[in-house]
1. Check Ser199, Ser206, Ser151 and return the single one that is hydroxyl-bearing (Ser, Thr, Tyr), in contact with an Asp or Glu (Cβ under 9 Å, 6 or more places away or on another chain) and within 21 Å of Glu317 (Cβ to Cβ).
2. Of these, Ala90, Ala83, which one is within 14 Å of the ligand (Cβ to nearest atom), surrounded by 15 or more Cβ atoms within 10 Å (Cβ to Cβ) and over 28 Å from Gln389 (Cα atoms)?
3. Does at least one position in the stretch 10-21 carry a residue that is in contact with a Phe, Trp or Tyr (Cβ under 8 Å, 6 or more places away or on another chain) and outside any helix (DSSP H, G or I)?
4. Inspect all residues belonging to the stretch 382-401 and state whether any of them is of a type in the set (A, V, I, L, M, F, W, C) and touching a strand residue (DSSP E or B) at 6+ places or on another chain (Cβ under 6 Å).
5. Taking the stretch 14-56 only, how many residues are among the β-branched types (Val, Ile, Thr), surrounded by fewer than 24 Cβ atoms within 10 Å (Cβ to Cβ) and within 11 Å of the ligand (Cβ to nearest atom)?
6. I want to confirm something. Restricting to the stretch 400-439 and keeping residues that are under 17 Å from Pro218 (Cβ atoms), out of contact with any Leu (no Cβ under 7 Å at 6 or more places or on another chain) and of a type in the set (D, E, K, R), which single residue is surrounded by the fewest Cβ atoms within 10 Å (Cβ to Cβ)?
7. Between Gln198, Gln250, which is out of contact with any Lys or Arg (no Cβ under 6 Å at 6 or more places or on another chain), of a type outside the set (Phe, Trp, Tyr), at pLDDT 95 or above and assigned to a loop (DSSP other than H, G, I, E, B)?
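The values are calculated or read from the model by the stated rules, or taken from the named source; none is laboratory data. Note that the coordinates shown come from a computational prediction; the quantities given were computed from them, not determined experimentally. Glycine gets a Cβ as well: all are built from the backbone with ideal geometry, and neighbour counts include every protein chain shown.
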Amino acid sequence: AGTVTQSDSQPAYEVLRRVWGYDEFRPLQEEAVSDVIASRDSLVVLPTGGGKSLCYQVPALVRDGMAVVVSPLISLMKDQVDALTANGVAAALVNSTQSDEQKRTTAARIRSGEIRLLYMAPERLLSERTLSFLESVPISFFAIDEAHCVSNWGHDFRPEYRGLRILKQRFPDASVHAFTATASERVRDDIAEQLQLQSPKVLVGSFDRPNLTYRMLPSDGKLRQIRNVIDQHRGESGVVYCITRKEVEQTAAALESAGVSSLPYHAGLDDATRQANQEAFIQEKVDVIVATVAFGMGIDKSNVRFVIHAGMPKSIEHYQQESGRAGRDGLAAECVLIYSGGDTMTWKRIMENGDRSNFEDAMKSVYSMADLCSGVRCRHAAIVSYFGQEFDVDNCNACDVCLGELDTVEDPVTLSQKILSGVIRLKGRFGVAYTVKMLTGSRDQKLMDAGHDQLSTYGLLSNEAASTVKMWVEQLISQDYLARVGEYGTLALTPTGQQLLKRIGSVTLTRPNLKSSS
Ligand code: ADP
């Protein structure tokens, strides 16, 4: 082990050019490739579309022996094997849908040393039969794709990944390399621990996607907003993500009748239809796919020019992944998110009915996402800093905030003072919705019974729409002047909020912006 010099990476360059026809590695790829070639355990964190596959596919062709790739989804493996085969690389996958005959053929090809990359799901790899078979052939390394699945802290824990810790014992000469798009340090440490990586090299790529332009619009005639975006990308490929299946069906139907070439995709459709719709999109027989999050995992379509979220995703991780499917070819692409306060409630309801064991963490993720939407900070900066990375560009020129598309209010400090005073009058016992009712002078019965119509701040913002005031409260939260506290998310002033009440500090508040969506 040790660092690899330029001359050692020459074969890697040769393979990159000959097999893939690419001229250069991306910044982190070269380092990641060197570690695999040097047989040093590693953990590589790159965002979706960052180019993780090449980090193990190239070394597999440079090193002696066969590389084993562990991946959670059959469709994902199949796509990769097909793509490799099309490039003339001997790759194979083993799964439970194959006949004994197929499995025997693959085994023979492995024994003869022909296969360079073998793809398997963890449960197959970990069967004793497979393990002892693999012990009898030269293995160069193991690549663990979607490695966050090994961690309880990740968003997609899969118990079968846990067993992968025995790889280091059973194959002491093979290096193990983990790949994930999940950046949290806790997950990262857990992956290294669970997989028993030996002093792994940890490489974390930039989470910024400079070629993506982000826009976050408060919902206001959603279908019209969606069509506006699509109209600017006529004839180009794009994805519209909806939260529910029903919304997928409705949106797809509405787009279709508006003459937009589109198809739906969600887990409620039968396999054949899903497969056919996906194929139609990949082969550009249809421009737009309207989908739930079920769509996209492992789909390598590099020329997606826009991704529209017709509702707010449940976390910034999800948003990063889904929006990240745009512009994988590195060319400009647009990501538009249409959100409303109701989205937070929708997620809350979904999560209350689901596995409640990490309800609080899950809701924290939802709130972070909501804060991002209503926030007025550069979207690139906000996303990247959520993943713990620095972003030192003053004006990204690629988001609604930096492009000056937000409609800012004239005297934000005075407006903020009104809202903050209202929160103080409610003595930290109420959440966003109630505070907004009080400020806008709602005749809500509960509010009247509590005598809150007698507060000096009651109706202080009665000239404004409740949805606008709510947005301002959320903007004050996202700029850290207000905080949601405790189980019920009651509002309280932060120390900087106390300062702002005394007119110390600056703040930005915006009006719902219809300029970019009309
Ligand atoms: P990830 O698995 O990290 O989401 P992929 O490995 O699927 O990303 O790569 C994303 C896209 O970038 C693919 O279309 C791939 O062909 C392309 N790509 C990866 N590395 C390079 C490179 N060095 N030069 C040009 N294109 C690349």
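1. Ser151
2. Exactly one residue qualifies, and that residue is Ala83.
3. no
4. yes
5. The number of residues fulfilling the criteria is 1.
6. Asp407
7. Exactly one residue qualifies, and that residue is Gln198.
Listed here are the residues, each with its yes/no results for (1) part of a loop (DSSP other than H, G, I, E, B); (2) surrounded by 15 or more Cβ atoms within 10 Å (Cβ to Cβ); (3) within 23 Å of the chain's Cα centre (by Cα).
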residue	(1), (2), (3)
Ser96	yes, no, no
Lys103	no, no, no
Thr106	no, yes, no
Ile115	yes, yes, no
Thr130	no, yes, no
Ser140	no, yes, no
Ala143	no, yes, yes
His148	no, yes, yes
Arg165	no, yes, no
